[in-house]
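Down below is the structure, laid out as structure tokens.
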Amino acid sequence: MQSLNKGARNTRVTPPEKVLQFGEGNFLRAFVDWMIHEMNRKSGFNGSVVVVQPLEQGMIDKLNEQDGLYTLYLQGMKDGVAVKEHAVMDSISRGINPYRDHDDYMALAASPDLRFVVSNTTEAGIAYDANDRLDDKPQTSFPGKLTAFLYRRFQAMEGRVDKGLIIIPCELIDRNGEKLKRIVLQYAELWKLEPAFVSWIEEANTFCCSLVDRIVPGYPRDSIPEMTAELGYEDGLIVVGEQYHLWVIEGPQWIKEEFPAEVAGLNVLVVDDMTPYRTRKVAILNGAHTALMPVAYLYGLETVGEAIDHEVVGGYVRELLSNEIIPTLDLPQEELHSFAKDVVERFRNPFVQHYLMSISLNSISKFKTRDLPSLLQYTESQGRLPKKLVFSLSALIAFYSGRRGKDEMIQLTDDADILEWFASLWNDCDGTDDGLHGLVTDVLAASHHWGCNLNEVAGLTDKVTEGLIAIEKAGMKLALQLVM
């Protein structure tokens, strides 16, 4: 069977190379490169992507063997219907391994067509390495590679202000664009680059913070034989993603003229402040995941999809979103409810088996970041406790007992100190109502975990205890009726 490449397909002439991309992994190919493909088809972007391999080992050779082509499967809920579709992406012009072809990498800096830089080098990728030097070929860190590239462009373009770049990192860290720019300037200082370059970075280049959202399971190893038979060609770079996508870019509105995603019908927002959107995603999508996990798992369910489709547990999650999380957020209510509806559809994705235990990792820190702000904000604004969020905290404490029902043990995954702490608390608890109240009091008092002593929130200790007693004495199925 023939492999996927341009020799095997009728493909159009490669458009100008407008985008430099650090990272060849599944997410960027199912997100940014798909968007470029769509913009070329629907909004006249007329641009292609040059992919740079950020680490010495990677997939650039395979990408070049396939002439930048790969098949993207998008599968999930779309307007309430399960949809599975695929297409060949042709937005990548070539890949460069800067560890082997450093001159090719640096030569791109002089290209008059280049306009954008995107990246996804993992959360640890935007980091400063004091050992990086300007004459390294290449630098170890991604920001070091980018700084050397920008300095070469500054020289090649003789400092022209109209030849700066729009830089949009996709790494999942808060204020990613600001952090990347700060490190670039740090390298300029370390390498003693001229003040004119620093001014060019500030005046000619636009560093944008961004928030990305699309679930990308990646290479479908278990389904490759069926997919290959369906496609009629071999593709070593098939990638699978969900239908839903969102890219929030914090930057000037003129970016939309150069990056016409909206014209192509893509869910890309260019905003003055992305904070509300980040808060929305963390509170609604991540918050619902975290609040759902212990309730659904102790109920006897195994996957997120099962939980959402379950009459009782699914109703619990929908009401928690609508009545307790959304009222705490400072965005238009219609927009928030629409986003929550999309989240529920994504949770129901029949093509993805998202196991509850796979999202249980570090649940205490997740609850603090994702759900505790909603709980506290609701209490302050409404003058009463949000009973479903409070119950999810009761369920989380029960989950950390390490037992589901009377006999089944739970393989807990968290920091060792948290696991030891909960093990000690549960071992010392005699199971009486007073004993469970004391356990809850100790858990809520742990300000080093929560950021404050939660026993000081009026009524919280008693309500969490009430939920925990119900779960321990009656089981999750009966206990959940208390909050429905």
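The numbers here are math on the coordinates, done by the rules we state, and not lab data. No experiment lies behind these values; they were computed from the predicted model shown. Cβ coordinates were reconstructed from backbone atoms using ideal geometry, including for glycine residues, and neighbour counts include every protein chain displayed.
Take every Cα pair under 8 Å in the chain that's 6+ residues apart, average their separations, divide by the length, and report that relative contact order as a whole percent.
12 percent
Per 0.36 nm of contour for each residue apart, how much would the distance between S3 and R175 grow if the chain were fully extended, relative to their Cα-Cα spacing?
The span from S3 to R175 would gain 57.8 nm if fully extended.
Please report the antiparallel percentage of the DSSP beta bridges confined to region 199-302, to the nearest 5.
Roughly 60 percent of the DSSP beta bridges within region 199-302 come out antiparallel.
Mind checking the full-extension length gain between L55 and M227? Use 0.36 nm per residue of separation minus the Cα-Cα distance, one decimal, nm.
Stretched out fully, the L55 to M227 stretch lengthens by 59.0 nm.
Points 7 angstrom from Cα along the Cβ direction at I410 and E85: gap in nanometres?
4.0 nm
Amide H neighbours of Y70 under 5 Å, at least 5 residues apart or on other chains, H built in the peptide plane: list them.
Under 5 Å from the amide H of Y70: M89.
Sort 188-198, 297-307 by the packing proxy (mean of other Cβ within 10 Å over each peptide's residues), most packed first.
Taking the mean over residues of other Cβ atoms within 10 Å, the ranking is 297-307, 188-198.
Under 19 Å Cα to Cα from K62, which lysines show up? Leave out anything in the same chain fewer than 8 places away.
Answer for K62, where 19 Å is the Cα cut-off: K6, listed by chain and number.
For region 355-484, what's the relative contact order in percent, using C-alpha pairs closer than 8 Å and at least 6 residues apart?
26 percent
Out of residues 5 or more away from E17 or on other chains, whose amide H comes under 5 Å of its own, with H placed 1.01 Å from N in the peptide plane?
S48
Where does helix 32-42 land angle-wise versus the long Cα axis of the chain, in degrees 0 to 90, nearest 10?
Helix 32-42 and the main axis of the chain meet at about 60 degrees.
Taking 2.2 N^0.38 Å as the expected size of a compact globular protein, what ratio does the Cα radius of gyration of region 276-483 give against it, to two decimals?
The reported ratio for this selection is 0.96.
To the nearest whole percent, what portion of all C-alpha pairs in region 412-484 is separated by more than 21 angstrom?
Counting pairs separated by more than 21 Å, the tail of P(r) holds 32 percent.
With both partners inside the chain, how many of the DSSP beta bridges are antiparallel, as a percent to the nearest 5?
Rounded to the nearest five, the antiparallel share is 40 percent.
Quick check: residue separation of D136 and K477 times 0.36 nm, minus the Cα distance between them. What number comes out in nm?
So the extension gain works out to 116.6 nm.
Measure nothing but the geometry: give the 0 to 90° angle between the long axis through the Cα atoms of 460-474 and the longest principal axis through the Cα atoms of the chain, rounded to 10°.
70 degrees
What's the magnitude of the charge dipole for the chain around its Cα centre, counting Lys and Arg as +1 and Asp and Glu as -1 at the beta-carbon? Answer in Debye, nearest 20.
Using Cβ point charges on Lys, Arg, Asp and Glu, the chain gives about 780 debye.
Give me a comma-separated list of calculated 3J(HN,Hα) values for region 43-51, in order, Karplus coefficients 6.51, -1.76, 1.60 applied at θ = phi - 60°, integers in Hz, x for any Gly or Pro.
9, x, 4, 6, x, 10, 10, 9, 9
On a 0 to 90° scale, report how tilted helix 416-428 is relative to the longest principal axis of the chain, with both axes built from alpha carbons and the result rounded to the nearest 10.
10 degrees
Quick one: which residues, 5 or more positions from T206 or on another chain, have an amide H under 5 Å from its amide H? H modelled 1.01 Å from N in the peptide plane, none for Pro or chain starts.
L165, I166, I167
Expressed as a rounded percentage, what relative contact order does region 418-478 have, with Cα pairs under 8 Å and six or more residues apart?
23 percent
Given K388/K463; K145/K192; K281/K463; K341/K368; K366/K477; K281/K366, which pairs have Cα atoms separated by over 19 Å?
K281/K463; K341/K368; K366/K477
Give, rounded to the nearest 20 debye, the magnitude of the charge dipole that region 108-164 has about its Cα centre when Lys and Arg contribute +1 at Cβ and Asp and Glu contribute -1 at Cβ.
200 debye
How large is ³J(HN,Hα) for each residue in region 143-152, as worked out from phi by the Karplus curve 6.51 cos²θ - 1.76 cosθ + 1.60 (θ = phi - 60°), to whole Hz, x for Gly and Pro?
Working through the residues one at a time gives x, x, 4, 5, 4, 4, 5, 5, 5, 5 Hz.
What whole-number value in cubic angstrom gives the convex hull volume per residue for the C-alpha atoms of the chain?
Measuring per residue, one finds 163 Å³ for the Cα hull of the chain.
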